[in-house]
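Q: Mind looking over this structure? Questions follow.
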Amino acid sequence: MGDLQPFSQLLLVILVVLACCSDAETDGVGCTGGAIMVKAGTDQEVAEGTMVSLEGTGGGRTFSWEQLSGPTVTLKGADQAAVRFEAPWIVQESVTIELELTVSDEAQSATDTVVVTITNTHFVLFLADKDEAGRVELYRAPLGGESSPVKLSKTPVPDGNVSAFEASPDGRYVAYLGDIEQDEVNELFAVASDGGDSIKLNGPLVAGGNVSRAFAWSPDSSRIGYVADQEADEVFELYSGAPDGSGNVKLNGTLVVGGNVSRPFAWSPDSSHIAYRADQETDEVLELYSSAPDGSGNVKLNGPLVKGGSLSGRFAWSPDGSRVAYRADQETDEVLELYSNAPDGSGNIKLNGTLVEGGSVLFGFAWSPDSSRIGYVADQETDEVFELYSSAPDGSGNVKLNGPLVAGGDISPFGFAWSPDSSRIAYRADQETDEVLELYSSAPDGSGNVKLNGPLVKGGSVSFGFAAWSPDSSRIAYLADQETDEVPGLCSSRPDGSGNVKLNGPLVTGGSVSLGFAAWSLDSSRIAYLADQETDNVLELYSSAPDGSGNLKLNGTLVAGGSVLFGFAWTPGISRIVYFADQETDEVFELYSSAPDGSGNVKLSGTLAPGGTVLQFRVE
């Protein structure tokens, strides 16, 4: 017996090792040397842009993750049991990423692999008379053009058309407006974004009734609001319903005779309220109200108005949804001031400082992205001298943001913009030289005022209506005739005014960058713009890096007479840019996409009916 005991012990070790390796073959568990068991996790399918988490297991002392295949991703925690990475934005319908986990100790190691499938969740919606000239319908197309467009809208009656559309924020539904069932009677429908039967969202319309172009999804996609004369002809009221067509309710309170809900309206960021303007209590006196999505809790948001007073122009929710700001001559007739209130109507406060006699707050005002301040333009200190101010949401801490103005100088009323990180506010003003508009920025407390544009040529100026912060707040782009008078070029600077560069390529004689038509990619790595850069009066689409390098044309070769239209859009993750142009046939506008380097140019809209054209599009 003594001679058999060592042999029995050896046999037991061999059996344990064989069992371990047998498990590894059947369960995907690595086994080398027989002692380490490793599992890299379960294969999974995720949407692009989401964070992927994998939890490895193993008996060793060290862990090491390595990517074996698929688009390159950055592994966070590659030397830990748990690893994370962001699913890349893709053009294909789906891609796979394979990772390998190695677990080791001093003597041995074992490996296992896991596969993550990334699915494309983005698409393009567009309106076109694609199937029949003169009949406009709604279509969906993949970003890479790898399959034909799918018609989403219900076939309209003769002479009927789809006139507007809006995808739900979660991408599951698309609402569209059109005279689909009866010519010249516009109604609101919803359809799943991947196709299917359309559902009517509005209630039965009175004779002569129509749904207006004012409709909008709640941020949580649970409801859609719209304005219509649904119950009485020419009496426009505010309604909401669920995307399945249920729960249609009126949101406004009872209207006075002659009263109407005025467009537009706005959902709160948390979807708990909807704010709107209406002469609800007194005919021709517009006031501000809010309701819950089910129509309950209707309250007035503005304070008591002076005789002759009214809500003027726009209103805006703070990004955190805690307050809504508006402009009204609430205290003195024809003296417009800035106020805010909570969604339940409590806490009405004035936001601007004390106005000089004759002073007023101008139309343009804007919340900072973090909701900590609100910026506005007013002749607050000197009548007819408009300057830029900011206040806290409770009206405290009112400060002037611009630097001292030259005699005759003013802030452009629509020419200011908060950086996405709320650290700076940029504005346009003739601050140093009367009638020479330049671009400046300040901190929210008014400190650190700097000029952003470079030296201007004699007669030069920063152009009206365009100053765009990059999404990461690292740079601001603007248009100016900085080098040649009356030839606007695209430039950018850092927030402190340093690093000023020209972004567009050399312009042909007579060429310029189109005013107001430039856009940063979502990752801030490129900026796209329209210009007749190579041929006078032929607009094409270009992009550059933020430092002005790598200037590239993005559109395909244009037919004689062709041009890229105003309006283009980056897809998430800088994977593609979408635009429309009469690229192949003069006066026939079709939808295309390209990679950021201009390669891989494909048509998205498919074959159009003779005489058909793409009218509008949106990347969703």
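Q: Three principal axis extents, largest first, for the C-alpha atoms of the stretch 134-283, in Å?
A: 56, 38, 22
Q: Arranged by the count of other C-beta atoms within 10 angstrom, fewest first, what order do His273, His122 take?
A: Numbers: His273 25, His122 20.
Least to most surrounded, the residues fall as His122, His273.
Q: Let me have the relative contact order for the chain, percent, based on Cα pairs under 8 Å that are six or more residues apart.
A: Once normalised by length, the contact order is 7 percent.
Q: Can you tell me the mean projection area, over all orientations, of the convex hull of the stretch 434-573's alpha carbons? Units nm², please.
A: 9.1
Q: Ok, one more. About the Cα centre, and with charges only on the beta carbon of Lys, Arg (+1) and Asp, Glu (-1), how big is the dipole of the chain? Nearest 20 debye, please.
A: Dipole size: approximately 820 debye.
Q: What translational diffusion coefficient, to the nearest whole µm²/s, does the chain have by Stokes-Einstein, given a Kirkwood radius computed over alpha-carbon pairs, a temperature of 37 °C and 0.692 mPa s viscosity?
A: Stokes-Einstein gives a translational diffusion coefficient of 116 µm²/s.
Q: Using alpha-carbon positions, what is the distance between the centroids of the stretch 300-350 and the stretch 544-620, in Å?
A: Cα centroid of the stretch 300-350 versus Cα centroid of the stretch 544-620: 43 Å apart.
Q: A further question on this structure: Based on the Cβ-Cβ distance from Glu384 to Ser148, what FRET efficiency comes out when R0 is 51 Å, to the nearest 0.05?
A: That gives a FRET efficiency of 0.30.
Q: Quick one: order Thr57, Thr74 by neighbouring beta-carbon count within 10 Å, fewest to most. Mind showing how you got there, number by number?
A: Numbers: Thr57 15, Thr74 10.
Ascending Cβ contact count within 10 Å gives the list Thr74, Thr57.
Q: In terms of modelled amide H atoms, which long-range or inter-chain residues lie less than 5 Å from the amide H of Arg314?
A: The list, which skips near neighbours in sequence, is empty: none.
Q: Okay, next question. Using only DSSP helix segments of four residues or longer, with each worth -39500 (n - 2.57), what per-residue ellipticity at 222 nm results for the chain after dividing by its residue count and rounding to 500?
A: Estimated from H runs of four or more residues: -1500 deg cm²/dmol.
Q: If you don't mind, another one. Describe numerically, in nm with one decimal, the distance between label points set 7 Å from Cα along Cα→Cβ at Glu584 and at Ser94.
A: So the label points at Glu584 and Ser94 sit 3.0 nm apart.
Q: Binned at 10 Å from 0, what are the whole-percent values of the Cα-Cα distance distribution for the stretch 243-328, short to long?
A: Spelled out per bin, shortest first, that is 18, 50, 28, 4, 0.
Q: I need to check one value: relative contact order of the stretch 351-447, counting alpha carbon pairs closer than 8 Å and at least 6 residues apart, in percent.
A: Worked out over the stretch 351-447, it gives 23 percent.
Q: Another question about this same structure. Given the convex hull over the Cα atoms of the stretch 351-447, what projected area results after averaging over all orientations, in nm²? Mind showing how you got there, number by number?
A: Working: hull surface 22.0 nm².
Mean projected area for the stretch 351-447: 5.5 nm², to one decimal.
Q: May I pose another question? List every residue whose amide H lies under 5 Å from the amide H of Arg323, counting only residues 5 or more places away in sequence or on a different chain, with H placed 1.01 Å from N in the peptide plane.
A: Ser318
Q: Suppose R0 equals 45 Å. What FRET efficiency, 1/(1 + (r/R0)^6) with r the Cβ-Cβ distance, do Ser549 and Ser296 give to the nearest 0.05?
A: In this case the efficiency is close to 0.20.
Q: Follow-up. Roughly how tilted is helix 5-27, in degrees to the nearest 10 and between 0 and 90, from the longest Cα axis of the chain?
A: The two axes meet at around 30 degrees.
Q: Averaged over all directions, how much area does the convex hull of the C-alpha atoms of the stretch 250-394 cover when projected, in nm²?
A: 8.1
Q: If you don't mind, another one. State, as an integer percentage, the relative contact order of the stretch 542-620 based on alpha-carbon contacts under 8 Å between residues 6 or more apart.
A: Averaging sequence separation for qualifying contacts and normalising by length gives 25 percent for the stretch 542-620.
Q: Of the listed peptides 346-359, 369-382, what is their order by residue-averaged count of other C-beta atoms within 10 Å, with the highest listed first?
A: 369-382, 346-359
Q: If amide H atoms are built 1.01 Å from N in the plane of the peptide, which residues on other chains or at least 5 residues away come under 5 Å of the amide H of Val436?
A: For Val436, whose amide H was placed from the backbone, there are no distant partners under 5 Å.
Q: Separate question: For each pair in Lys300/Lys350; Lys400/Lys451; Lys400/Lys458; Lys200/Lys603; Lys451/Lys553; Lys400/Lys502, compute the distance between the two Cα atoms and list the pairs where it is over 20 Å.
A: In this structure, Lys400/Lys458; Lys200/Lys603; Lys451/Lys553; Lys400/Lys502 exceed 20 Å between Cα atoms.
Throughout, read-outs are computed from the coordinates displayed, never taken from laboratory work. Just so it is clear, the model here is predicted, and its values are computed rather than measured. Counting neighbours? That spans all protein chains shown, and the Cβs are built from the backbone with ideal geometry, glycine included.
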